[in-house]
1. Highest mean first, how do A:47-55, A:108-116 rank when packing is the count of other Cβ atoms within 10 Å averaged over residues?
2. Give the residues of the stretch A:5-34 whose amide nitrogen is closer than 15 Å to a point set 7 Å from the Cα of B:ILE171 in the direction of its Cβ.
3. If a/c stays under 1.5 just call it rounded; otherwise compare a/b with b/c (prolate if a/b is bigger, oblate if not). Do that for the protein assembly as shown, with a ≥ b ≥ c from the square roots of the Cα gyration tensor eigenvalues.
4. Give me the one-decimal nm value for the distance between modelled label points at A:SER90 and A:LYS180, 7 Å along each residue's Cα-to-Cβ direction.
5. Could you please point out the chain B residue with its Cβ nearest to the axis of the rotation taking chain B onto chain A, and the distance in whole angstrom?
6. Between the stretch B:59-117 and the stretch A:100-155, what's the alpha-carbon centroid distance in Å?
7. Taking chain B as a Gaussian network, Cα atoms linked when under 10 Å apart, which of B:ILE83, B:ILE62, B:ILE171 shows the biggest mean-square fluctuation?
8. Taking each label point as 7 Å beyond Cα in the direction of the beta carbon, state the distances from A:ASP75 to the same residue in the other copies, shortest first, in nm.
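Read-outs: derived from the displayed coordinates by stated rules, not from any lab. Owing to the predicted nature of the structure, the values given are computational and were not obtained by experimental measurement. Here Cβ is always computed from backbone atoms with ideal geometry, including for glycine, and neighbour counts include all displayed protein chains.
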Protein chains: 2
Amino acid sequence: MTQTDTPFISTLLKLRQSRRFLDQPIPAEIVDLLLDVARWTGSAKNTQPWEFIVVDDRDTNIALSKAGQFTGFLDNVALSIVIVLPESPSRSVAYDEGRVSERLMLAADHLGLGSGTAWFSTPDAQETVRGLLGIPADREVWSAVGFGYIDRSQPQRASTLGGGRKSLDEIISYGRYGQKA
Amino acid sequence: MTQTDTPFISTLLKLRQSRRFLDQPIPAEIVDLLLDVARWTGSAKNTQPWEFIVVDDRDTNIALSKAGQFTGFLDNVALSIVIVLPESPSRSVAYDEGRVSERLMLAADHLGLGSGTAWFSTPDAQETVRGLLGIPADREVWSAVGFGYIDRSQPQRASTLGGGRKSLDEIISYGRYGQKA
């Protein structure tokens, strides 16, 4: 019989972004494991359309935190993994970028870390990151995932965003669009 | 001390797409759990830019399998969850679509199911799906995830694709692009 009430399912239902972290480094073996999780993530036609830059330097992460509009929390991460993509990435590359980011965040949670996504959504932000990390002209950079041990004495949520979800009835149809169970 | 060698990490390193399934339905409680996992997935600014159509009718799944170029395996899934997006979805919506698909596939594995992504990558394919499922003109559809109990007597991989991954050295830099550890 399949167990439906397990710690893993509970994680999937409860995992939220973290944004405030302790000043505590992440052990190398944990970093290596995160990178291996990234490496083994599935992608469209197994193209693996990614490279990753591991940033553990505080000053660099602070500079990255100032690049985008919703990247401020990078100023206090222990580590960020910046995702480098091919030039003019297709829609399926963005989808694959989401897949690898999600997998990294779930692995981080399992390893006792908090994490959050940072999105460099404007050309200016992307140029800043390109300059900071020496990313060549034939590559693009759109996002990073930041990691650290969660500082539970501080709120984790961006204050402007609600944390709930739409109801199942609002988002699910059966058989055909708009058909309810 | 953090455990790095756990069943969950092992899943993250080993999970692959499944494409051949047994003729065995998925219990309703498992389907409900998958939908709740989808519902609670994180998204950019908590926009939750998705709706889902649950398709368990074999004929409809066979019709969906014929819509796209890499969607053939839908002909034998027990269930597909088709992801409906807003009109002209932005790049971050594609990223969020990847996040929810990845989470669904990991949950499926945990619940004893195999799964695979199906991509409706051409306007023709998308129009076919729109027609089959009654998706309105102000919504778009790009992908689905198919689920079922794996038929382990059959190969699961699309024969034209390798299953390995690039080495860490090929994809990882430290501190700056191209800088190796």
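1. A:108-116, A:47-55
2. Zone members listed by number: A:32-34.
3. Cα axes put the protein assembly as shown in the prolate bin.
4. Modelled inter-label distance: 3.9 nm.
5. In chain B, the Cβ lying nearest the symmetry axis toward A is B:GLY98, 1.
6. The distance from the Cα centre of the stretch B:59-117 to that of the stretch A:100-155 comes to 25 Å.
7. Answer for the Gaussian network model of chain B: B:ILE171.
8. Computed spacing set for this position: 5.7 nm.
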